[in-house]
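> There's a structure below that I have some questions on.
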Amino acid sequence: MDRFAHYGWPFFDARHEKLAREADAWARENLGHAHGDDADAICKRLVQDLGCAGYLHHAASEKPDVRSIALLREVFAYHAGLADFSFVMQGLGSGPIALAGTAEQKKRYLAPAAAGEKIAAFALSEPDAGSDVQALATRARRDGNGWLLEGTKTWISNGGIADFYVVFAKADEGIGAFVVERGELDAAERIDVVAPHPMAVLKMKNTRGELIGDPGGGFKLAMRNLDVFRTTVAGAALGFARRALDEALKRARERRMFGQALADFQMTQAKLADMATAIDAAALLTYRSGWVRDVKGQRVTREAAMAKMHATEAAQQVIDAAVQLLGGLGVMRGHPVERLYREVRALRIYEGATEVQKLIIARDLLKQ
């Protein structure tokens, strides 16, 4: 089965299929180290490797092509969840600088992030403020020509290993975005999650930050950044789901029981058909969203929410079905399907949980 057949769809240009095939070949040769317990060390090396290979320029870009980012996430997620994580965090973490930073800020932070020389992080969530950005409690106040930040951020990916953080805080003018150097804050409190990756609580007291854009423009900046990357979460979900289907197909063909292959049973065939259909439906939503933004130049609030919601929910179902088909192998620690089972769960939560996506979709419908 050709995993790249869908890049012939009208949503793509020839360059997209070429990029996907080249990234897949690179991943097969270079991501053997991207599994293990030392997520900090793995991710640091992945950022360097992805930067040297030139892939980070797609994520950390002043003119991001959403379809390229999404398909690269699909490819990297297929091979290794931490590769997808390391790739996209460079874009998400540097995105506000790409969108509204000064030329000097872009030179100091965006260019090194794209080269894999500096690790980026996006610090929006707080203990009592996740999807409800207006509930932020972190404060920013002027101090001469600069700004001082005070507050706590949590669930911050790349926390503890990032070289710089884009932090959102409330100023007198409204919510602002600030770039903060690693030495200015405390990221010692780490968070362990079911699929290990670098994550920390950030504590700030008289922390010096540099304003990005306008003092009250942080909320719009955060939403613009998420508008770019929310669609690509669906791309990662597709990569996880496609790997799960491939593992299930392989096992169904090889496993013998009651004198025939597991694949010969109609119940197995029905499950495989459901899995493949769910993946194609998710892919259509995902790349439609990217196409509308890239080609039509339109906002994709509803399209991105639909893609993110459906693709992540479908991936969870596909992976669960794969675990069931593989039986004991599916829950054996270290098996690709077992890793997928742990890795996919967070996708239904971060960058807006499924329930939040439903609200976004419904509100957009009701506006019209």
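> Could you tell me whether Ala169 is small (Gly, Ala, Ser), closer than 24 Å to Ala83 by Cα and either part of a loop (DSSP other than H, G, I, E, B) or in contact with a Ser or Thr (Cβ under 7 Å, 6 or more places away or on another chain) (or both)?
So Ala169 does not fit the description; no.
> Go through the residues of segment 127-135 one by one and say whether even a single one is buried (at least 22 other Cβ atoms within 10 Å of the Cβ) and not charged (D, E, K, R).
No, segment 127-135 contains no residue that is buried (at least 22 other Cβ atoms within 10 Å of the Cβ) and not charged (D, E, K, R).
> Within the group Gln357, Gln298, which residue is more than 18 Å from the chain's Cα centre (by Cα), of a type in the set (S, T, N, Q) and farther than 17 Å from Leu245 by Cβ?
Of the residues listed, the single one that is more than 18 Å from the chain's Cα centre (by Cα), of a type in the set (S, T, N, Q) and farther than 17 Å from Leu245 by Cβ is Gln298.
> Please enumerate the residues belonging to segment 344-368 that are exposed (fewer than 13 other Cβ atoms within 10 Å of the Cβ) and more than 30 Å from Ala80 (Cβ to Cβ).
The answer is Ala362, Arg363, Leu365, Leu366, Lys367, Gln368.
> Right, another one. I'd like the residue in segment 293-314 that is in a helix (DSSP H, G or I) and among the basic types (Lys, Arg) and, out of all such residues, is nearest to Thr232 (Cα to Cα).
Among residues in segment 293-314 that are in a helix (DSSP H, G or I) and among the basic types (Lys, Arg), the one nearest to Thr232 (Cα to Cα) is Lys308.
> Find all pairs meeting these conditions: Cβ atoms under 9 angstrom apart; at least six residues apart or on different chains; first residue within segment 286-301 and touching a residue at least 60 places away in the same chain (Cβ under 8 Å); second residue among the basic types (Lys, Arg) and in a loop (DSSP other than H, G, I, E, B).
Filtered contacts from segment 286-301: Arg293/Arg299.
> Is it the case that some residue within segment 65-73 is without any contact (Cβ under 8 Å) to a residue 12 or more places away in the chain and either in a helix (DSSP H, G or I) or farther than 24 Å from Val194 by Cα (or both)?
Taking every residue of segment 65-73 in turn, none turns out to be without any contact (Cβ under 8 Å) to a residue 12 or more places away in the chain and either in a helix (DSSP H, G or I) or farther than 24 Å from Val194 by Cα (or both).
> Okay, next question. Would you confirm whether or not segment 283-292 contains a residue that is aliphatic (A, V, I, L, M), part of a helix (DSSP H, G or I) and within 27 Å of Arg256 (Cα to Cα)?
Scanning segment 283-292 turns up no residue that is aliphatic (A, V, I, L, M), part of a helix (DSSP H, G or I) and within 27 Å of Arg256 (Cα to Cα).
Each row is one residue, and each column tells you yes or no for (1) at pLDDT 95 or above; (2) under 17 Å from the mean Cα position of the chain (by Cα); (3) under 21 Å from Pro336 (Cβ atoms).
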residue	(1), (2), (3)
Phe11	no, no, no
Lys18	no, no, no
Asn30	yes, no, yes
His35	no, no, yes
Val47	yes, yes, no
Leu56	yes, yes, no
Arg67	yes, yes, no
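> Which condition breaks for Ser61 when tested against (1) among the hydroxyl-bearing types (Ser, Thr, Tyr); (2) more than 23 Å from Tyr109 (Cα to Cα); (3) assigned to a loop (DSSP other than H, G, I, E, B)?
Condition (2) is where Ser61 drops out.
> For Phe11, only one of the following conditions fails: (1) touching a Leu at 6+ places or on another chain (Cβ under 9 Å); (2) without any contact (Cβ under 8 Å) to a residue 40 or more places away in the chain. What is its number?
Phe11 satisfies every listed condition except (2).
> Can you spot a residue in segment 153-169 that is of a type in the set (S, T, N, Q), assigned by TED's automatic domain parsing to the domain that holds Leu202 and surrounded by 23 or more Cβ atoms within 10 Å (Cβ to Cβ)?
Looking for residues that are of a type in the set (S, T, N, Q), assigned by TED's automatic domain parsing to the domain that holds Leu202 and surrounded by 23 or more Cβ atoms within 10 Å (Cβ to Cβ), one finds at least one in segment 153-169, hence yes.
> Take the residues in segment 208-222 that are within 15 Å of Leu136 (Cβ to Cβ) and in contact (Cβ under 8 Å) with a residue 40 or more places away in the chain, then tell me which one is surrounded by the most Cβ atoms within 10 Å (Cβ to Cβ).
Out of the qualifying residues, it is Gly218.
> What pairs come out if I take residues in segment 177-199 that are within 14 Å of Gly93 (Cβ to Cβ) and pair them with residues that are acidic (Asp, Glu) whose C-beta lies under 7 Å away, six or more apart or interchain?
That search, which allows pairs on different chains as well, returns Phe178/Glu210; Val179/Glu210; Arg182/Asp163; Pro198/Asp40.
The values are calculated or read from the model by the stated rules, or taken from the named source; none is laboratory data. Keep in mind that what you see is a predicted model, and the values were worked out from it rather than measured. Quick reminder, even Gly has a Cβ in these numbers, built from the backbone with ideal geometry, and neighbours come from all protein chains shown.
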